[in-house]
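Engineer: Sharing a structure, written as structure tokens. Questions coming.
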Amino acid sequence: MELFERLMKLDRRWVFLLLIIVCVWAYASSFSVPILVMPEVQSIYDKVEGLPEGSVVLVAIDYDPNNLAELHPMTYALVEQCWRKKIKTIFTALSMNGPGMCVQAIRDITDSVSRDKEYNGVMYKGREVVNGVDYCFLGYKPYYAIVILGMGQAFNQPYPTDYYGTPLDEVPMMRGIINYDQVDLVVDISGGNITDAWISYGQGRFGFDLALGLTGVMTAQYYPYLGSGQIIGIMGGLLGAAQYEKLTDNPGRAKDGMRVQLPAHLVIILFIVMGNVGFFANKWRMKREGRA
Amino acid sequence: MRRQIPFGLVFIFGIFMVFQFFVPHEKSEWVYEFLLDWIIVIGIFALALGIWSLFKVSVEKIKQGKEGGNYSYITLVGLYMMMAFGFTQQTGDGWGLYFLWIMLCSACIVSLMRLRASTDSGKKRMWALASGGLLVAAVLVAIFDDAWAFFLYTPEGLENSMFEIFFDHIMMPILATMFSLLAFYIASAAYRAFRARNVLASLLLLAALLVMSRFNPFIPGAEYVANASNWLMNVPNLAAQRAIVIGIGLGIVGTALKIILGIERGYMGRG
Amino acid sequence: MEFTSFLWLTFGVFVTLCTMSFLYKDNPFYKFAEHLVVGVSAGYFVIILWHQGLVPKLFQRLEDGDWYFGYLNSSHWEYMIPAILGCLMWARFSKNYSWLSRWPMALYIGISAGLAIPLEMSNKVNKQLHAMMVEIDWANFFGHDGFNLLDVTSGFSQVLIMVGTISAIVYFFFSKEHTGVFGRVATFGIWILMIGFGASFGFTVMARISLFINRLQDTFDWGGVAFDSTNQHYSGMFPAIFWALILFMIGYVVYEIVTYLKQRSVTTQ
Amino acid sequence: MKHRFLIVGLLLLFGLSSVWAQTEPPEADSMVVDSTELFPAAVSDVQVVDKPNDHGHAVIVTWETSADDGGGKNNVLRYEIFYSTSFDGPFDSVGAVPAGTGEFRHIGSKEPLDSAFVPDYTDLFYQIDAVTADPTIRTTSDVLGPVQCSGQWFNTGRIPVLVAVLIFGLLTAFFVLSAKRGKKLYVRPIGGIEAVDDAIGRATEMGRPILYVLGLGSAADVATIASFTILGRVAKRVAEYQTELIVPTYDPIVMSVAQEVVKSSYFDAGRPEDYKEDCVHFVTQSQFAYVAAVNGIMLRELPATCVYMGKFFAESLLLAETGSLAGSIQISGTDEIAQIPFFIVACDYTLIGEELYAASAYLGREPKLLGSLKAQDFAKAAFVVLAIVGLLAANFEWSEFTTLFQVID
């Protein structure tokens, strides 16, 4: 019986100690946690996975450094999946600090794709990703709503040149790609209200397939669009990013984060359960003693 | 009189601000912006009172010989250094006697604190002499050293490399770590308080448990749990928040009305 | 990375650990970090408020005037008023005139109370009232695809939000005891409140743990720098300092354990 | 006769030539159409009005979208809006809106030196271009205007707020006056408020201090002002019991006001000699540095009671958990919704949202202060009734009713 009382009145420093140990251990080790994939993330993956070689995906990098922790992993997993499958990508950045994020992502992913790697049991040879052939980065332009609409007419209308200054007509991969009609999927990875413009001006007017990657706090308010079919999927926060990393079999920072999050949550739940077990056992004993 | 004039001011300016909200005209807007500037300026002038209070309390701790009173030196030297960095910047490539100056001033601050904290007159005299001497030395260094200069009205000091280092490597790590202690406190609070004592506590507990398990793949019906937690955040949580917001809004308006009309006077001293 | 930068980085890790030690108990290291950060942050805000508040709001406005005219020849002479009011705050330094400081305080409170009334009424009452007048989605009352009560946009959820809000408002009534039907509605209201609070508590856990992960990341990065031999300024001092801090930490932990064991043996005797 | 043939021949020739001319122009025409086809139809029905309910310097331009926007040639991409202070120009571009939009708000700067300055009481002229994917292919509308913009003295969009404030103010005044006349106002007991007095008593018994935290709000936050009243009450009891009071503050103005409040409470309790100014002191204006200091105070002074009233942010849980570690009874109240769950979990008593304001009225122990509580109850009842009626109105498509409550900024 003393045990149950102890369960109830444990010094909180044991909670701290266990939590620290679990977090540091989970952070430093390299095991992977099972991640439950939600249908709204699976649908994005299925869409990309179903695209044939040479298809075009537009990735809109609309976030800045303060949302990097949650959103960068989504970009990394998604773009790497595309490039491994030789799907061409067009990048846009409609938030002020987006280009920096995009350049960093392109550099890192190019580096990663140049090595041989196995995903989901399929071996991919490392290859050189070439600017202008495998991807085209259009850069930043202000007035995002107008840019989104403009690209519906022709990409070279808002963007006469790409980010590096090459006229768009001279970029090899943009030959034959005029507007959204030639794009198979648009993924908006965003930490702000540019998402609304992609939904209403972009998807609403041109009817392309749109998927969203959002920060954790934003996620809840975009579920209605999923219900109405305006978007094909949502990746929400670190959780969504980790799910996508799991689907693409490309563990990155989000899975690292979840590796800490899950055991930490479990520790907290464990302590709550312990406290309640102690509480009920104690109550039961008191009742019994009171009767006796 | 001493009490009536302040209440009169509260009434006049309060009423003006209430009606200003409905008058979009440029003139009313100008007064509005001007009054907001008053608030900012008054607040910054009052900061001198705050710093004085911090100084007094720190010295008091040393004077009383309280355990850990000596840590107060760290506080005041840290405060002084940050302010000194923020008002100075190097003018050439080198720093000259800058660090000597900082040290002299810090020593001066310490001896000033000792001066206020000591009680017997012999020691008082000694510390007064010491702080006076250090002050003179510091002023001399400041006058004759050309490697750096004071910038009171232009923000060069914000780019002082020492100012940045103190911010990046002292302030930020401690503040961020303080914030991150929440990870542990949220766990211990949950452990301590989430007991199913009664219906209300059980509801709190169950809702929290459900939301915390929203990405836990080990429990049965994991997908259902994820949907349910999404629903909890969007339906009951929204209802609760909306009800509280409305109550708070009316509470604020009611309290503010009482303040303006002079019914509520508890915030103003007497005598 | 240069050696001095690494030293500062190490100092950052050191104060991180000092602050962390508060989890165990109040100790000299925490006191050091606490007193340091109080001073440094107070100084930081003095500087920020000076350069970004006082200078643009007051000095720059008055700079075209002359101090010996009391700045009355400045084009913004009216800014002498807040300056004078600010100086009145300093009357608090004196015992006899401290009542003068009530004038600026009264202005401060009067202006902000007046500001709050229409603004809060508009944002927290009028707009919420209008937001509650929604058209309920009767066609999809039980969810959009078949029977699914957990659909956030279903008519059922909309009705529940409405009912929940109203019963929670009823809970906050001060004029009536919570009895009878009124009491039952209020009870439902507090249920909704508690579920909402529980959910938002549970939702926050993840963000808070992320904060700790960030601190871990910084500490591990510091370790990385200490052993990064590709660094052009790298020298044997880097790992030496790393190990010095680690050993110091371990030493302190051992010291704490020993004192704890000693104390325990004293109390058990 | 000869001439007749000639005339007929000429006529024939003329006729033929006209036929030939008629067949020829279609070709030329089709070429012209080819290039005019690129040009979209101009916008129609343009109207320019001064933007209502503002400080001036703004104009609203509305138009019927071009026939080639969303129909016809469907080649309009955006509309670009130009303005000038004279009919003949030159016209400056002031912005663009995506196709499908029929309104542009030209909101200028009020600073005369700003490049975006739009003068009041001056004739302004506007032009709208329907622009296609190729920016050189665009159709300009006629020059519109003149229009003059000016500031208004009343914002009609905010009438619902004015009505609400006036009604609420009258209700408050009515209840305060009736309380003054001696009418008893019933207010049900509120858990956390009752606890305050007990907690002070406990601190006295234990000989330990009371810690009062006013939160991170400035004196401009009504929550902080409400907290001052509660502080006054607490300080008075503290003075009566001769317990120690510690009030670390975050804001210098809050510190000054709190010093006045505590001082006058000691006067009221008849113990002005016990008042020490330093019991209310300033710490720092940095959120977590403040928390670090207050946490230190808690573990060193071990207060018997911690009271948290005012505005709190992420530090709420840090304070409350350390307080419980120090073994204090904790009473909290905040109007910061996101922090209420943490206080509920970690404190012994929590005033939820508006209960904080109720507490300041309730603890003042003056009947007239309770008047505003009654007014709040009436307003809440009205709110519930209006919300239900409004919901029904919205569902039975009685939009006149719901728009009555709409606030337009």
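Engineer: How large is Rg over Rh for region B:70-180, taking Rg from the Cα atoms and Rh as the Kirkwood inverse mean of 1/r across Cα pairs?
Structural biologist: 1.04
Engineer: Can you spot the lysines whose alpha carbon is less than 30 Å from residue A:283's alpha carbon? Ignore those fewer than 8 places along the same chain.
Structural biologist: Filter leaves A:9.
Engineer: Just how far, in whole angstrom, is region D:67-85 from region A:189-213 if you go by their alpha carbon centroids?
Structural biologist: 23
Engineer: Using the Cβ atoms and a cut-off under 12 Å, what net charge is assigned to the surroundings of residue B:251, where Lys and Arg are +1 and Asp and Glu are -1?
Structural biologist: -2
Engineer: Give a quick list of chymotrypsin sites (Phe, Trp or Tyr not before Pro) in region D:165-199 that DSSP marks as loop, anything other than H, G, I, E or B, with at most 12 other Cβ atoms within 10 Å.
Structural biologist: Here the sparse-neighbourhood loop sites are D:186.
Engineer: Below 8 Å, C-alpha to C-alpha, sequence gap of six or more: please give me the relative contact order for chain B in percent.
Structural biologist: It rounds to 18 percent for chain B.
Engineer: Of D:188, A:288, how do they rank once you tally other Cβ atoms within 10 Å and put the fewest first?
Structural biologist: The fewest-first ordering by Cβ neighbours comes to A:288, D:188.
Engineer: Once chain C is represented by equal point scatterers at the alpha-carbon sites, with solvent omitted, what log10 I(q)/I(0) does the Debye formula produce at q = 0.09, 0.16 Å⁻¹?
Structural biologist: -0.99, -1.21
Engineer: Another question, then. Just the Kirkwood number for region D:180-318, please: inverse of mean 1/r across all distinct Cα pairs, in Å, one decimal.
Structural biologist: The Cα-based Kirkwood calculation yields 15.5 Å.
Engineer: If each residue's Cβ is checked for other Cβ atoms within 10 Å, how do B:52, B:101, D:153 rank with the fewest at the top?
Structural biologist: D:153, B:52, B:101
Engineer: Find the relative contact order for region A:34-250 and round it to a whole percent, using C-alpha pairs within less than 8 Å whose residues are 6+ positions apart.
Structural biologist: Taking the mean separation of contacting Cα pairs over the length of region A:34-250, I get 29 percent.
Engineer: State the percent of C-alpha pairs, over all pairs in region B:1-110, separated by a distance greater than 22 angstrom.
Structural biologist: Tail of the P(r) past 22 Å holds 60 percent of the pairs.
Engineer: OK, next. How long are the semi-axes of the equivalent ellipsoid of region B:184-260, taking √(5λ) for every eigenvalue λ of the Cα gyration tensor, in whole Å from largest down?
Structural biologist: Rounded to whole Å, the semi-axes are 33, 17, 11.
Engineer: Sorted from largest to smallest, which semi-axis lengths in Å does the alpha carbon gyration tensor of the protein assembly as shown give for its equivalent ellipsoid, taking the root of 5 times each eigenvalue?
Structural biologist: After diagonalising the Cα gyration tensor, the semi-axes are 56, 40, 37 Å.
Engineer: May I ask you to list the lysines whose Cα is less than 28 Å away from that of residue A:246, ignoring any residue fewer than eight positions away on the same chain?
Structural biologist: Output for residue A:246: A:47, A:85, A:86, A:88, A:117, A:125, A:255.
Engineer: With springs only between Cα atoms under 10 Å apart, run a GNM on chain B and tell me which of B:194, B:85, B:167 wobbles the most.
Structural biologist: B:194
Engineer: With no solvent and one point per C-alpha, what does the Debye sum give as log10 I(q)/I(0) for region C:155-245 at q = 0.14, 0.23, 0.26 Å⁻¹?
Structural biologist: -0.68, -1.05, -1.19
Engineer: While we're looking at this one, here's another question. With N set to the residue count of region B:1-63, report its C-alpha Rg divided by 2.2 N^0.38 Å to two decimal places.
Structural biologist: Dividing the Cα Rg of region B:1-63 by 2.2 N^0.38 Å gives 1.68.
Engineer: OK, next. Can you run the Rg to Rh ratio on region C:99-138? Use alpha carbon positions and the Kirkwood inverse-distance Rh.
Structural biologist: 1.42
Engineer: Please tell me the relative contact order of chain D in percent, rounded to the nearest whole number, where contacts are Cα pairs under 8 Å and at least six residues apart.
Structural biologist: Taking the mean separation of contacting Cα pairs over the length of chain D, I get 14 percent.
Engineer: Please state the charge dipole magnitude for the protein assembly as shown, taken about the Cα centre, from unit charges on C-beta atoms (+1 on K and R, -1 on D and E), reported in debye and rounded to the nearest 20.
Structural biologist: Approximately 6420 debye in magnitude.
Engineer: Assuming a ≥ b ≥ c are the square roots of the Cα gyration tensor eigenvalues, decide whether region B:114-236 counts as rounded (a/c under 1.5), prolate (otherwise, with a/b larger than b/c) or oblate.
Structural biologist: Verdict is prolate for region B:114-236.
Engineer: Report P(r) for chain B: all Cα-Cα distances, bin width 10 Å, range 0 to the bin holding the largest distance, values in whole percent.
Structural biologist: Taking every Cα pair in chain B, the percentages come to 5, 14, 18, 17, 24, 16, 6, 1.
Engineer: Now a separate question. Could you give the spread of the C-alpha atoms of chain A along their three principal axes, from largest to smallest, in whole angstroms?
Structural biologist: 90, 40, 31
Engineer: Order these by the 10 Å Cβ neighbour count, fewest first: D:347, D:279.
Structural biologist: With the sparsest Cβ surroundings first, the list reads D:279, D:347.
Engineer: On to the next question. I'd like the trypsin sites (Lys or Arg not before Pro) in region A:55-156 restricted to DSSP loop residues with at most 16 other Cβ atoms within 10 Å, sorted by number.
Structural biologist: A:86, A:115, A:125, A:127
Engineer: For region D:321-377, what is the Kirkwood estimate of the hydrodynamic radius, computed as the reciprocal of the mean inverse distance between distinct Cα atoms, to one decimal in Å?
Structural biologist: This gives a value of 12.5 Å.
Engineer: Right, next: Work out which helices of chain C, taken as complete DSSP H runs, extend at least 18 Å along their axis over the Cα atoms and score a mean Kyte-Doolittle of 0.0 or more, then list them.
Structural biologist: Taking the DSSP H segments of chain C (at least 18 Å long, mean hydropathy at least 0.0), we get C:3-20, C:28-49, C:102-120, C:155-171, C:180-226, C:237-268.
Engineer: Oh, and also: Counting helices only, and only those DSSP H runs with n ≥ 4, report the 222 nm mean residue ellipticity of the protein assembly as shown as the sum of -39,500 (n - 2.57) divided by its residues, in deg cm²/dmol to the nearest 500.
Structural biologist: -18500 deg cm²/dmol
Engineer: Any idea what the alpha-carbon Rg over 2.2 N^0.38 Å comes to for region D:44-147?
Structural biologist: The value comes to 1.07.
Engineer: Less than 12 Å apart at the alpha-carbon level, and either on another chain or at least 8 residues along: which aspartates and glutamates does that give for residue B:61?
Structural biologist: Within reach: D:278.
Engineer: Quick check on chain D: what does the Kirkwood estimate of hydrodynamic radius come out to from the alpha carbon pairs, in Å?
Structural biologist: 28.0
Engineer: Follow-up question, since we're still on this one. So how many Å³ per residue does the convex hull of the Cα atoms of region A:188-292 work out to?
Structural biologist: Considering the Cα atoms of region A:188-292, their hull volume per residue is 143 Å³.
Engineer: P(r) for region A:32-113: what percent of alpha-carbon pairs falls in each 5 Å bin, starting at zero?
Structural biologist: Per 5 Å bin, starting at 0, the Cα pair percentages come out as 3, 13, 23, 24, 20, 13, 4, 0.
Engineer: Net charge around residue A:156, counting only other residues with Cβ within less than 15 Å of its Cβ (Lys, Arg = +1; Asp, Glu = -1)?
Structural biologist: -3
Engineer: Using a cut-off of 12 Å between beta-carbons, work out the net charge of the residues near residue A:26 (Lys and Arg +1, Asp and Glu -1, residue A:26 not included).
Structural biologist: With Lys, Arg at +1 and Asp, Glu at -1, the net is +1.
Engineer: Taking R0 as 35 Å, what FRET efficiency do you get between residue D:166 and residue D:74 from their Cβ-Cβ distance, rounded to the nearest 0.05?
Structural biologist: Once the sixth-power term is evaluated, E becomes 0.10.
Engineer: So what does log10 I(q)/I(0) come out to for region A:119-165 at q = 0.18, 0.21, 0.23, 0.33 Å⁻¹, using the Debye formula with one equal point on every Cα and no solvent?
Structural biologist: Once normalised to I(0) and log-transformed, intensities are -0.65, -0.74, -0.82, -1.22.
Engineer: Here is a further query. Over the alpha-carbon set of region C:1-131, work out the extent along each principal axis and list the three values in angstrom, largest first.
Structural biologist: Projected onto the principal axes, the Cα atoms of region C:1-131 cover 55, 54, 41 Å.
Laboratory data are not the source of any read-out in this text; all were calculated from the coordinates shown. For clarity, every value in this text was computed on a predicted model and none was experimentally measured. Note that each Cβ is placed from the backbone with ideal geometry, even for glycine, and that neighbours are counted across all protein chains shown.
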